[in-house]
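Everything below concerns the one structure shown next.
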Amino acid sequence: DALAPIGKGQNMLFVGHDIEDMRRYVTDILSIQTKGNPPTKCVYASTGTKEDNEQIKNLLESTALDKDVVLVTGDSISSNNNKDEASLAAEATVVAATAFALGAT
């Protein structure tokens, strides 16, 4: 997954196996980034499955971060998908690049 605070010229790429720990860490970072005056808008690019994306959306809503965080996802990534690894990697790259492009504007 990737994060990009809009207008700050920064971005982060998170890669790991413990998705729950990564999401808690990302939520903490987003909470800090969005508390400024005025609040910083952030972009969260999720390269996971549709189920993962739904969990992230629910997490952002439950922590009231959904107002200041734009969630960018790849809609065709699914845990029941028969795509080859190269196609999944390409889609994840496009999702992350989109978030960085939004963050740079």
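Rule-based calculations on the coordinates, nothing more; no lab input. This structure is a prediction, so every number in the text was calculated from the model and none was measured. For neighbour counting, all protein chains shown are included, and Cβ atoms are generated from backbone atoms with ideal geometry for every residue, glycine included.
Computing FRET efficiency as 1/(1 + (r/R0)^6) for D84 and N37, where r is the C-beta to C-beta distance and R0 is 35 Å, gives about 0.15. Shown is the FRET efficiency for V70 and D18, computed with R0 = 25 Å from the Cβ-Cβ distance and rounded to the nearest 0.05: 0.50. For the peptides 46-52, 64-70, 15-21, the ranking by mean Cβ contacts within 10 Å, running from highest to lowest, is 46-52, 64-70, 15-21.
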